[in-house]
Every structure is written in C-alpha cells, then in structure tokens.
Amino acid sequence: VLLPEGLEVISIEPNQFVVVLDRVVQEIRPVEPSLVGEPAAGAQVLRSEVVPQQVLISGPESLVGDLQSLVTSPVSLDGHALDFEQRAQVVSPDAKIQIVQPVVVTVRVALEIPPVGGNR
C-alpha cells in the first residue's frame, strides 16, 4: 500500500477480496432511435433511421458481449408534421461502456398525415 509520508497502515479490512478481470474489447453495435412525444396534425411515423446505423463501442467483454444495440438520446416528435432530421447523442447503457465513434448521429424521421376521413 502506497501512503503519503508520515502515515502508516494499522490494518486492512477485509483482509481478503475477490478481483475480477475482464478483457476490454471494441465492437460495432447498431443504434436505434429513441422517439418520444406525438407528431402534430395527426401525423404518423412512417419510418425512422439513424445515420450512421452503427457505432464503435469499447468496454468490458462481459458487458459488451451481452449488448445487442444502443439507443439515442430522446428525439421529440412534438410539433412535427413533416419529415425532419435531428442530431442526437448515442447513449451508453452502462458507465463502463464507452461510445468510441461516432458519439453523435443523425436521426431521420419520415412522417405522414393521414387522408381526411382516414381512408387510404
């Protein structure tokens, strides 16, 4: 135990502990948009996409291996009736998993206003 000068260790408790070692890996995972709110004028979401669709992440192999995909920070549909795009941050699901690149993606949302009367 390294200590500043003038201090000494009397005891350490617990005197035993478990150390778990895990490899750090980098892998590519898909990103899904996190859409929140309601579009304006009765519009409905036709489709949404993230550009780029995948990001490089880094972290403990045990966590990264179980991770199927990531999500963006919330993208609000409120007030939108026409197609739009917005930049959003990729959110790490765990503080031990780092988003290497890109950290920010573009979310594109295609909206449709249904015909009057609901007939298509």
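The values are calculated or read from the model by the stated rules, or taken from the named source; none is laboratory data. Keep in mind that what you see is a predicted model, and the values were worked out from it rather than measured. Here Cβ is always computed from backbone atoms with ideal geometry, including for glycine, and neighbour counts include all displayed protein chains. Please note that ligands, DNA and RNA were not included when accessible areas were found on the heavy atoms of the full protein model with its side chains. Shrake-Rupley method; radii C 1.70, N 1.55, O 1.52, S 1.80 Å.
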Self-check item: Point-to-point label distance, Val36-Gln101, nm (Cα→Cβ direction, 7 Å offset)
Solution: 3.0 nm
Quiz item: Which value in nm describes the separation of the simple spin-label points at Ile113 and Val71, placed 7 Å from the Cα toward the beta carbon?
Solution: 3.0 nm
Practice problem: Pull out the extension gain between Glu8 and Val91, defined as 0.36 nm times the separation in residues minus the alpha carbon to alpha carbon distance; nm, one decimal. | Solution: 25.5 nm
Quiz item: Accessible area per residue, 1.4 Å probe, Å², for the chain: what's the number?
Solution: 72 Å²
Practice problem: Using a 1.4 angstrom probe on heavy atoms only, work out the carbon and sulfur share of the accessible area of the chain in %. | Solution: 52 percent
Self-check item: Under-5 Å amide H pairs with Leu77, H placed in peptide plane, nonlocal only
Solution: Val36, Gly37, Glu38
